[in-house]
Amino acid sequence: FLYVQDTGRAAKSARTVVISGVPDGVLKDDVMSDILVIHFQKSKNNGGDVEDIIYPTREKGVAYVTFEDQEVVESVLKKNEHRLEDKRLSRYYPLKVTPYFTNVFSSVTSVLNMSVFKDQYVLEDLIQELKKKNTALSFGPLQSNGHISVQGSFPAIKMLRDCLLLKAKSLSEDKNEERKSRQRQKKQQQQCRLTTDTNNFVLDAEREKQVVVLDTDIYLYMKNVLPKKLLANTDVVISDITDGDITTLYLQKTRSRPNAAQVLAFKEEIERQSLKLHNTLCKERIYLEEYTRDEKQKYKLMCETLKSHYPSVLVIPYATHIDVIGNSSEVFEFTREVNKEVQSLFQ
């Protein structure tokens, strides 16, 4: 298999739009493809020359249209309403047109354990305060055990995590002062959980251990695609706990090196890289639920075969789907080629 990068113009993904609302089962697939091409080539629809169309796709009523020029994408997206009309259709069908690339790392779900604050706050009031300050997040109902689910963008959840860490630190310092005055234990560590069961935000009094909370897909990309550039730091011991969308890294200095300040610097570098990847990577999902075991295996083998031509793409196989992570152009080309090659094998 030969992978050729198109360097003469914008990447194919940048010249592609996603069409939803295509009438399903009304006409033969090849006829519907022709109607879509005609629609998006017409100047009255702000269209232009179509290079390629993918229809049908794994999602009913969805097509991918690739134009010769990226400017046409911008023009098509500006049109307020797209109506699919043709004499072969009994009526017109409204279409929704969106850019191909949307960052799928826009939403993660985590569970906060707020019970650590119950002695100092009325938890319901604290949750209301958090809702007002974090309007981009969606909060579930507060459970009797102090747990509450939170959904939103990873950076927004990270900001919430930092806010709770500061609150926990303040409580920890206040309690230490009280215990000193009563000649009780001088130091006590407060913990605040930001995962479903085991992921802890640890406040280490000596600051020799640092904690980094990452989107799991971002972490896997760092670990498998960028190991020598980032996570292969021999001066820092790294342990991780993954729980669904969230992975928590625990960073600790080795016995002899480096010092605590270097561990903190390493943590900050990981966080910088994480946010950078969050804004540049995308993820495409190849669904396998409807395929037989043999067909699923063919998809996974084809991904492995093509992977060598896409060194910056991460492929994560699961029982029901395959996740493909990388920059939008390579992910688009990779998934397209996998689907094409596997379909040819099925035929």
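The values are calculated or read from the model by the stated rules, or taken from the named source; none is laboratory data. Quick caveat: nothing in here was measured; it's all calculated off a predicted structure. Cβ atoms come from the backbone with ideal geometry, glycine included; neighbour counts cover every protein chain shown. Heads up: the accessible areas ignore ligands, DNA and RNA and are worked out on the full protein's heavy atoms, side chains in. Shrake-Rupley method; radii C 1.70, N 1.55, O 1.52, S 1.80 Å.
Working note: Cα atoms of the stretch 281-345, range along each principal axis, descending, whole Å: 30, 20, 15. Working from label points 7 Å from Cα in the Cα-to-Cβ sense, the Ser239 to Ser170 distance is 3.1 nm.
Rolling a 1.4 angstrom probe over the stretch 266-328 with all protein chains present gives an accessible area of which 48% lies on carbon and sulfur atoms.
For the set Glu81, Glu290, solvent exposure ranked by accessible area (probe 1.4 Å, protein chains only) runs largest to smallest as Glu290, Glu81. Only one residue of Ala156, Gln128, Ser138 has its Cα farthest out toward the positive end of the dipole of the stretch 108-173, where Lys and Arg carry +1 and Asp and Glu -1 on Cβ, and that residue is Ala156.
If you take all other residues with their beta carbon under 13 Å from the beta carbon of Lys300, and give Lys and Arg +1 and Asp and Glu -1, the sum is -1.
Rolling a 1.4 angstrom probe over the protein heavy atoms with all chains in place gives the stretch 210-279 an accessible area of 51 Å² per residue. Considering the stretch 31-90, its Cα convex hull presents a mean projected area of 4.3 nm².
Only one residue of Val76, Ser43, Gly25 has its Cα farthest out toward the positive end of the dipole of the stretch 5-99, where Lys and Arg carry +1 and Asp and Glu -1 on Cβ, and that residue is Gly25. Just the protein heavy atoms count here, and of the accessible area of the stretch 108-173 at 1.4 Å, carbon and sulfur take up 51 percent.
The Gln262 and Val122 beta-carbon pair, evaluated with R₀ = 30 Å, returns a calculated FRET efficiency of approximately 0.15.
Report the per residue volume, in Å³, of the convex hull enclosing the C-alpha atoms of the stretch 210-279.
72 Å³
Using heavy atoms of the protein chains and a probe of 1.4 Å, the accessible area assigned to Leu77 is about 60 Å².
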